[in-house]
Structures are given as C-alpha cells and as structure tokens.
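Scroll down for the structure; my scribbles are underneath it.
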Amino acid sequence: MIFKTERLLIRNLETLDIEPFHEMQGNLNVMKYTDGKAKTYDEDVIDLQQVIAYYTKPNNDFWIWAIERKEDKVFLGTIALIKSANNKDEIGYRFLEKYWNNGYAYESIIGLIIYCKNIGLKELVAKVIIENKASEHILKKIGFQFEIESFCEDLKLPERMYTLKLK
C-alpha cells in the first residue's frame, strides 16, 4: 500500500489488474482527454507491464498506482505522480466510467497531496483539457491555481495547467 484514504487504498498495479485496467483504458469516454483513443487489450497488457516495470527502476520518477475501494477491494482506477518534461511533479488520474461521480477522484487527490507533503514535495502541477469540466472543477475545488493555457499537441485541444503549493 502506498497510502490510504477513508474509502480508498492506493497500491502498486499488478498483472492481475489487467481486466479492470483494460475496461478503463478501452473506454473512449475515459480516454477522451488522455490519449484520445480507446486502447486494445493487447496494448493494455503491454502498457500495464511497462508501468509495473517502472516500480523497480533506480531513481524512478514515473509512478502510476491502482485505486482500490477499501470495503471490497474493487479496482476503481489509477492515480499518477510523474516528473513532467519541465521537471515538475505532475499528477493525473482516471477512473472506470461506472465509478464516476462518487467523489473518488477528489478523495484520491487529497490523499495524494498528503502523501506528496510527507515525501517532501513542494509543488504539484496538473494539466487538464479545457473541455474536461469535471476534472477542472475538482482541481479548483482542491485549491489548484490556474497557471497557463496552452495547446495539447497530442490531442489537438487547448489545455490548462494548474499548480498547488504544498506547505
């Protein structure tokens, strides 16, 4: 376990997570603002193996963890803490669509913020496609501050970057 919240456990991904991992990543509604396309099962097997392999890399700065509901150990989604191209600590998250609108994103990000404070990080950044109003709302509610608007070349959509100072 990496950290926990009232309802959630955040842990390393495992190869046994492939079915719900693919259900999430194979859903265009989930992937619309991340990769812009649903992934195939074979792509997800490779992706999951690569993410798991990062856990043992020396000086790893690419962490994607599973979000699991405490009460029944159901896989809900993933949360990420990665070093971005501009050397900032960037967060990200995604959930299976059937678990949207349950407060899990908000709760998992609050838990991640506490975790980041405990490991000594000073600032977090998050990027959100402007059309993704739900994620933008969550970031603002938590206290992330708008920094800059840019264009996401991968998705060909405008995005905003938000930052949160950790005290």
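The figures follow:
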quantity	calculated
Count of region 48-76 residues which are in contact (Cβ under 8 Å) with a residue 60 or more places away in the chain, assigned to a strand (DSSP E or B) and over 24 Å from residue 88 (Cβ atoms)	3
Some residue of region 83-97 being at negative phi, part of a helix (DSSP H, G or I) and surrounded by fewer than 17 Cβ atoms within 10 Å (Cβ to Cβ)	yes
Pick from region 32-48, criterion modelled with pLDDT of 95 or more and of a type in the set (Asp, Glu), ranking: farthest from the chain's Cα centre (by Cα)	42
Count of residues meeting criterion [part of a strand (DSSP E or B) and of a type in the set (Phe, Trp, Tyr)] in region 129-158	2
Residue 97 vs. criteria over 22 Å from residue 20 (Cβ atoms) and among the charged types (D, E, K, R)	no
Scope region 85-115; condition closer than 16 Å to residue 31 by Cβ and of a type in the set (Gly, Ala, Ser); matching residues	92, 105
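The values are calculated or read from the model by the stated rules, or taken from the named source; none is laboratory data. Values in this document were obtained by computation on a predicted structure and should not be read as measured data. Here Cβ is always computed from backbone atoms with ideal geometry, including for glycine, and neighbour counts include all displayed protein chains.
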